[in-house]
Amino acid sequence: RDTNQPPIARLQGVCDLLQDRVPHYDWVGFYFRNGDRPELKLGPYAGDPTDHTIIPFGKGICGQVALSNENFVVPDVGAQDNYIACSIHVKAEIVVPIFVDGENIGQIDIDSHTPDPFGPEDEKFLETICAEVSKIL
Ligand code: SME
């Protein structure tokens with residue numbers, strides 16, 4: 001790994017790699033708490049552009065994770081009331097929070113075009129990635 005890269009470039013690399021190498025990861029992005037505002041702001045991502053560059057805390061899967069501090073696995077996005085649709089192709093989603101000094105400062109968000117593709121191994125894998133990411137922020 002190139003430790004000389006600034007954090008944003010390295011996060012972009014993480015998104016590109018995950019989206020490219022994991023078949024059921026179709027959109028991979030980071031959202032971060034937007035300063036002192038109760039909202040998330042889109043960071044680096046890989047996949048189709050999204051209109052949802054700002055997400056208020058509590059809104060959608062991402063906004064709920066900003067408040068719950070817990071992983072959110074959605075096997076079927078069609079069954080969620082509090083969900084923000086980014087693309088008609090998306091069938092499932094997983095969001096895992098990122099903690100710095102115990103504080104929820106953001107999250108990794110992954111969309112899949114495959115129904116119910118995420119298992120406990122994805123949660124573990126993404127928790128490890130989030131723990132690594134928190135070290136370079
Ligand atoms: N589906 C998310 C919004 C972000 S897009 O997936 C990129 C949500 O419900 O919070």
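The values are calculated or read from the model by the stated rules, or taken from the named source; none is laboratory data. Since this is a predicted model, take the numbers as computed values, not measurements. All Cβ positions, glycine included, derive from the backbone under ideal geometry; neighbour counts span all protein chains shown. Only protein heavy atoms, including side chains, enter the accessible area calculation; ligands, DNA and RNA are left aside. Shrake-Rupley method; radii C 1.70, N 1.55, O 1.52, S 1.80 Å.
Considering only the range 34-47, how many residues are under 16 Å from Val65 (Cα atoms) and more than 14 Å from the ligand (Cβ to nearest atom)?
The qualifying residues number 3.
Could you please let me know if Pro56 is within 12 Å of the ligand (Cβ to nearest atom) and either without any contact (Cβ under 8 Å) to a residue 12 or more places away in the chain or among the small types (Gly, Ala, Ser) (or both)?
Details: within 12 Å of the ligand (Cβ to nearest atom): yes; either without any contact (Cβ under 8 Å) to a residue 12 or more places away in the chain or among the small types (Gly, Ala, Ser) (or both): no.
In short, no.
Among residues belonging to the range 59-89 that are more than 9 Å from the ligand (Cβ to nearest atom) and assigned to a loop (DSSP other than H, G, I, E, B), point out the one that is modelled with the lowest pLDDT.
Ile88
For the range 97-125, which positions are within 13 Å of the ligand (Cβ to nearest atom) and either hydrophobic (A, V, I, L, M, F, W, C) or over 29 Å from Lys135 (Cα atoms) (or both)?
Ile108, Ile110, His113
What are the residues in the range 94-137 that are open to solvent by less than 30 Å² (accessible area, probe 1.4 Å), touching a His at 6+ places or on another chain (Cβ under 8 Å) and not hydroxyl-bearing (Ser, Thr, Tyr), if any?
Once the filter is applied, which keeps residues that are open to solvent by less than 30 Å² (accessible area, probe 1.4 Å), touching a His at 6+ places or on another chain (Cβ under 8 Å) and not hydroxyl-bearing (Ser, Thr, Tyr), the range 94-137 yields Pro117, Phe118.
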